[in-house]
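Have a look at the structure below before the remarks.
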Amino acid sequence: MIHQHDIHEQLDRISSSDEFRKCPQLVRFLRFAVNEALSGRDGGSKERLIGMEVFGRAADYDAGADPIVRVEARRLRRKLDEYYAGDGREDPLEIRLPKGGYLPTFEVRPSSGAKRSVAVLPFSGHALSDGLTTRLIARLAACDALRVFRVQNRSEESNVDMILEGNVRHAGKRFRCDSQLVSSNNGLHLWAGSFDCGDCDAFAVEDEFAGQIAKGVCEAFLQ
């Protein structure tokens, strides 16, 4: 059970964050929606009422002609994504504004000690990509804070937190590997890295890239 006190504390954390301090209009929007939800009223779901109460529209405001609420709702959702990927990464409670509505949802997040799950898609672009994928999974699996899955395509990724993918290019005597980690929930980019290697031995290239990518992922999100 989530207590109202905990929700208000989380709302204060969000409102005072770097992402939201410069967006007072979005803070008012979020506070209004949260308070309406906690009170049991459904005013937070009514676009016209939000336009009047939050954005100062007149009583004869026409929500169909003035999209202010819809536009600001999209901004609010993006800001919340950015917040939980940054300053709010370790927060115990998640407040979201689902697409298609204006009533927020509240969800207790896993503790910082809980393992996060990542699906590794097959790397592409070169003959050594398959070996690199295998070595990368082994490196990531050595991290106690991660649950690692090898998947073949995006249709298999529904039950993981993050998706890791990349490709390898070869020019002359040099190899380059570009990789990125994205949220499986909303596609938000969480980390990206581009690495070069001049070694001619394929196994050495695989080891070099696997080590650099695993180090980048772990340093960015798990330490």
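Miscellaneous remarks
- In region 1-28, the qualifying residues are those that are touching a helix residue (DSSP H, G or I) at 6+ places or on another chain (Cβ under 9 Å) and among the aliphatic types (A, V, I, L, M), and the one that is surrounded by the fewest Cβ atoms within 10 Å (Cβ to Cβ) is I7.
- Filter result for V168 (in contact with a Ser or Thr (Cβ under 9 Å, 6 or more places away or on another chain), over 30 Å from K79 (Cα atoms), of a type in the set (A, V, I, L, M, F, W, C) and without any contact (Cβ under 8 Å) to a residue 60 or more places away in the chain): yes
- Looking across region 52-110 at every residue that is touching a strand residue (DSSP E or B) at 6+ places or on another chain (Cβ under 9 Å) and hydroxyl-bearing (S, T, Y), the one that is nearest to G187 (Cα to Cα) is identified as Y84.
- If you filter region 192-223 down to residues that are crowded, with 18+ Cβ neighbours inside 10 Å and in contact with a Gly (Cβ under 8 Å, 6 or more places away or on another chain), you find that the one that is farthest from A145 (Cα to Cα) is E206.
- Any chance G56 is modelled with pLDDT of 90 or more and not in a helix (DSSP H, G or I): yes
- Subset of region 1-13 (residues that are closer than 20 Å to S39 by Cα and in a helix (DSSP H, G or I)): Q4, H5, D6, I7, H8, E9, Q10, L11, D12
- Pair list, Cβ < 8 Å and 6+ apart or interchain, from region 97-109 residues that are within 17 Å of F32 (Cα to Cα) to residues that are β-branched (V, I, T) and in a loop (DSSP other than H, G, I, E, B): F106/I2
The values are calculated or read from the model by the stated rules, or taken from the named source; none is laboratory data. If you're wondering where the values come from, they're calculated on a predicted model, not measured in any experiment. Neighbour counts run over all protein chains shown; Cβ positions are idealised from the backbone, glycine included.
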